[in-house]
Structure formats: structure tokens, C-alpha cells
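Reviewing the structure listed below.
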Amino acid sequence: EMRWLPIIPCQRGHTLYGYHFNYAEISKKRYCFIGESEKFVMQLRTMGIHNALATCGCSISNIQEKRIKSLFCKRVILSYDEGLEEEQVREQAKKIEMCNPIFNTKVGYIYDSDGEILKRGTKNSPSDLGKNAFENLVKTKVKWL
């Protein structure tokens, strides 16, 4: 089976897609959305949302964890694709939580347990359904740690 490979080989665990494009906006707003794929960042950008990153997979590596924490965001919302178990998403969210006297990052994750917006079995990203659906997910389906 043929696979699409990056033009420039890279280690996905070292990459946060969208970091260089969205760094200024994330620093200014002090919150960000973290998705699973590069498509997530590009779709949000077309919606006018310029504070998103992607982990290029469904787990956060140690290097990505350090880079996310170094942004010193007040809020981070993990926005992984439908189909993952809640405990798996929760464990990834815990990696980027910072609770100390100086920095307190509130971390949450989108999880549509009843499949109201992100239909079961679709493997949809929260960004796949458009801006209104994404905003609705953020307002009603975020579970905070």
C-alpha cells in the first residue's frame, strides 16, 4: 500500500504543526486548541481561528509536551478526533497540565460522549463539521481536568 510521506523527512514526535504560524496569536490570546492532524490547524485557520496546533498523531510526546507548556497558556483544549476512548484523551490532556504557584494552565478536552455533534464511528475531527459545530463543541462538550 502506498503512503504519503513528508517532502522533508521529520520526526513527528518532535513537531507541533502550526507552531511557527500561530505562535504570535497563541502568545497574545494565551489559549490554544490542540488537534490530532495537520488538517485540524488548516481548517481552523480557514475559520479565522489562528491559535491551533497539531501533534501529528493521537499522543503527545515529551518534546511536544515541553513546547506546549513553554507557551504558558491559561487554557488549552485538546481536540482529538472522534473514536478515541475518553481515558486515552484524558491521559494526553494530563501531560500538558501545569499547576504550580506561578503558572496555572487550565486543560480540557473535547469529548462528545453521546455522539450528539461528533457522530459515532465517523472518525471526524472537531474541525471537520465547520465553524458553528466547532464552537458548539467548545461551548458544550469540553471536559476540564
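The values are calculated or read from the model by the stated rules, or taken from the named source; none is laboratory data. Small disclaimer: the values here were computed from a predicted structure and weren't measured. Cβ sites come from the backbone with ideal geometry, for glycine too, and all protein chains shown count toward neighbours. When the accessible area is computed, the model is the full protein with side chains, heavy atoms only, and any ligands, DNA or RNA have been set aside. Shrake-Rupley method; radii C 1.70, N 1.55, O 1.52, S 1.80 Å.
Table for the structure above
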| item | result |
| --- | --- |
| Any hit, segment 23-36, residues being part of a loop (DSSP other than H, G, I, E, B), charged (D, E, K, R) and in contact with a Gly (Cβ under 9 Å, 6 or more places away or on another chain) | yes |
| Residues that are open to solvent by less than 20 Å² (accessible area, probe 1.4 Å) and more than 19 Å from residue 59 (Cα to Cα), drawn from segment 113-132 | 115, 118 |
| Boolean, residue 69 is open to solvent by 40 Å² or more (accessible area, probe 1.4 Å) and either touching a residue at least 60 places away in the same chain (Cβ under 8 Å) or closer than 22 Å to residue 11 by Cβ (or both) | yes |
| Looking only at segment 81-95, and only at residues there that are free of Cβ contacts under 8 Å to residues at least 40 places away in the same chain and not in a helix (DSSP H, G or I), the one that is nearest to residue 129 (Cα to Cα) | 84 |
| Residue tally, condition outside any loop (DSSP other than H, G, I, E, B), touching a residue at least 24 places away in the same chain (Cβ under 8 Å) and closer than 16 Å to residue 49 by Cβ, over segment 109-145 | 6 |
| Residue in segment 41-52 that is modelled with pLDDT of 95 or more and in a strand (DSSP E or B) present | yes |
| Count of residues meeting criterion [open to solvent by less than 10 Å² (accessible area, probe 1.4 Å) and out of contact with any helix residue (DSSP H, G or I) (no Cβ under 7 Å at 6 or more places or on another chain)] in segment 80-104 | 2 |
